[in-house]
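Peer 1: Here it is: the structure, laid out below.
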Amino acid sequence: MHFVIMGCGRVGSMLASTLDGEGHSVAVIDVDPQAFRRLPPDFSGRRVTGMGLDRDALKQAGIKDAYAFAAVSNGDNSNIIAARVAHETFHVERVVARIYDPARAVVYERLGIPTVATVRRTSEAVLHWLMPPDAETLWVHPTGLVSLVSAMPVDSWYGVPLPVVEELTGERIAFVSRLGTIQPAREDLVVQENDELIFAVQGKDPVPVRDIVTAPPRLED
């Protein structure tokens, strides 16, 4: 898969080197060519000098072929504008922006642009948004009999009531993470865009839940 990253600071260089090391195609955009020194010597991706919100720079970075785009420069406005250009102009489905102002973050998430902050947490969260939908085990009881599994349903699940999700997965939803907050699951809730569902499952294997929520739901007519 091809990834485009705007900003080659600590977060951007960490993301680029991680994705490159995993064998993905990566392009990094930064206004300062000296910033590319943060990349490891064996980095095989593209280095594009320019503004990440500039369409020509994005095209040089291969935005038209990008699976995902991350705007992680040190400017909130630049990041959100670049993320919206990638999403709205070049139709990149998976975008994420680093935002330093928490008050802005909530507003931008309501516009459909996921936002994250802080260096280590940002790198982990950005990778979480960039990579294909998956599931992970958050907690396992010492007996191994039960665990909490986090999963992000694909867009075909949007609008499905939580009780129906539980019926189709065979597992109980304990919490819903939405717009930077977490709340107990309720019967009146439906799956929304970017929701992270936290299941209480038997055992500790996240694969069964992942395989179900990352495929279209088998709803009865």
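Peer 1: Measure off 7 Å from each Cα along the Cα-to-Cβ vector at residue 74 and residue 140, then give the distance between these two points in nanometres to one decimal.
Peer 2: The modelled label-to-label distance comes out at 4.2 nm.
Peer 1: Compute the Rg/Rh shape ratio of the range 1-93: radius of gyration over Kirkwood radius, all on alpha-carbon atoms.
Peer 2: Across the range 1-93, the Cα-based Rg/Rh ratio is 0.92.
Peer 1: Something else: Assuming 0.36 nm per residue, please report the length gained on full extension of the stretch residue 100 to residue 172 beyond their Cα-Cα distance.
Peer 2: 22.4 nm
Peer 1: Once Lys and Arg get +1 and Asp and Glu get -1 on their Cβ, which of 144, 181, 203 lies farthest toward the positive end of the dipole of the range 135-213?
Peer 2: Of the options given, the answer is 144.
Peer 1: Separate question: Given +1 on the Cβ of Lys and Arg, -1 on the Cβ of Asp and Glu, and no further charges, what dipole in debye does the range 135-213 carry about its Cα centre, rounded to the nearest 20?
Peer 2: That gives the range 135-213 a dipole magnitude of about 240 debye.
Values quoted throughout were computed directly from the atomic coordinates according to the rules given, and no laboratory measurement underlies them. In this text, all values refer to a predicted model and were calculated from it rather than measured experimentally. As a convention, Cβ positions derive from the backbone with ideal geometry for all residues, glycine included, and neighbour counts pool all protein chains shown.
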